[in-house]
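Please read the structure below before turning to the comments.
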Amino acid sequence: MKKIVFLCSGRGSNFRAVVEHIRARKFDVEIAGLISDKTDAGALELAKSFGVPTFTIPFEKYRQEKEKFHLEMEKLLVELAPHLIVTAGYMRILPTAIINRFVNRMINIHPSLLPSFKGLKAIEQAIDYGVRYTGCTTHFVEEGMDSGAIILQSIVEILPNSTVSDLTAKIHAEEHKILPLSVEYFLTDRIEVSGRKVIIRE
Ligand code: GRF
């Protein structure tokens, strides 16, 4: 049975969408844990309500020793030994050591049409730039922020009167479709990665 682990810093709506999808479709997968770098992340409560084991490595505690923080994270991930890691609103850049252990086995969701608007405040960046369309992207994690091979994307139109909050809601709704689907493709062995291209088999 495959094992999946989530990394979350925030409220966890994407985590919820993936767990609900996995359970509705009865995929043969163990949700082995949700790890957060924040003690007050809403995702932790959500995970508990789903009966998913929770782990917290509070970044605050390690502020002066980032390396130790990453080592703790790596140790925990090695112990949990997931086939797939999903970073769903995890707001830290992962170190090379962790990225290298999980090549093509770590999926991130980002609220823009990559490669545009990487990094923080991607929705605000898109509005400020004046693009007509933005959206969200799932991709494998590699070194370089928000830069790995793209799995799925979904488009959201920016209207003249779009605000950050209504665009955020529309993008979230799309994220909740493409992230569960990307995880499904991985769990059902339908994904093949060839350089930057992700091929999804029928
Ligand atoms: C999402 O918009 C995701 O794209 C970004 O962080 C947000 C997480 O939201 N990386 P949630 O915690 O899943 O509700």
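The gain in end-to-end length when the residue 65 to residue 27 segment is fully stretched comes to 9.8 nm, 0.36 nm per residue minus the alpha carbon separation. Within the accessible surface of the stretch 1-69, defined with a 1.4 Å probe on protein heavy atoms only, the carbon and sulfur portion equals 46 percent.
The modelled label-to-label distance between residue 118 and residue 196, using points 7 Å beyond Cα along the C-beta direction, is 1.1 nm.
On a per residue basis, the chain carries 51 Å² of accessible surface, using protein heavy atoms and a 1.4 Å probe. Pairwise inverse Cα distances across the chain, averaged and inverted, put the Kirkwood hydrodynamic radius at 17.3 Å.
In terms of distances greater than 22 angstrom between alpha carbons, the cross-link table entries 48/118; 26/177; 38/75; 170/197; 118/197 yield 48/118; 170/197. Only protein heavy atoms count here; under a 1.4 Å probe, residue 49 has an accessible surface of about 90 Å². Taking a straight Cα-Cα cut-off under 20 Å and skipping sequence neighbours fewer than 8 places away in the same chain, the aspartates and glutamates within cross-link reach of residue 3 are 20, 28, 30, 72, 74, 79, 184, 189, 192. Each part gets one Cα centre, and for the stretch 140-202 versus the stretch 13-34 those centres are 17 Å apart. For the stretch 79-136, carbon and sulfur atoms together expose 54% of the accessible surface, with a 1.4 angstrom probe and every protein chain in place. Label positions at residue 153 and residue 48, each projected 7 Å from the Cα along the C-beta direction, are separated by 4.0 nm. The phi-based Karplus calculation (6.51 cos²θ - 1.76 cosθ + 1.60; θ = phi - 60°) puts the 3J(HN,Hα) values of the stretch 181-191 at 5, 4, 5, 4, 4, 5, 5, 9, 6, 9, 9 Hz, whole numbers, x for Gly and Pro. The overall shape of the stretch 1-102 is oblate: from the C-alpha gyration tensor, with semi-axes ordered a ≥ b ≥ c, the ratio a/c is 1.5 or greater and a/b is no larger than b/c.
Per-residue extension of 0.36 nm, minus the Cα-Cα distance of residue 128 and residue 75, leaves a gain of 15.1 nm for this segment. Here the label points at residue 105 and residue 93, each 7 Å from Cα along the C-beta direction, are separated by 2.4 nm in the simple model. Pairs of Cα atoms nearer than 8 Å and 6+ residues apart set the relative contact order; for the chain it is 19 percent.
The values are calculated or read from the model by the stated rules, or taken from the named source; none is laboratory data. The shown structure was predicted, so the numbers you read here are calculated from the model rather than taken from an experiment. Ideal geometry is used to build each Cβ from the backbone, glycine not excepted, and the neighbour counts take in all protein chains shown. Surface accessibility is based on the protein's heavy atoms, side chains included, excluding ligands, DNA and RNA. Shrake-Rupley method; radii C 1.70, N 1.55, O 1.52, S 1.80 Å.
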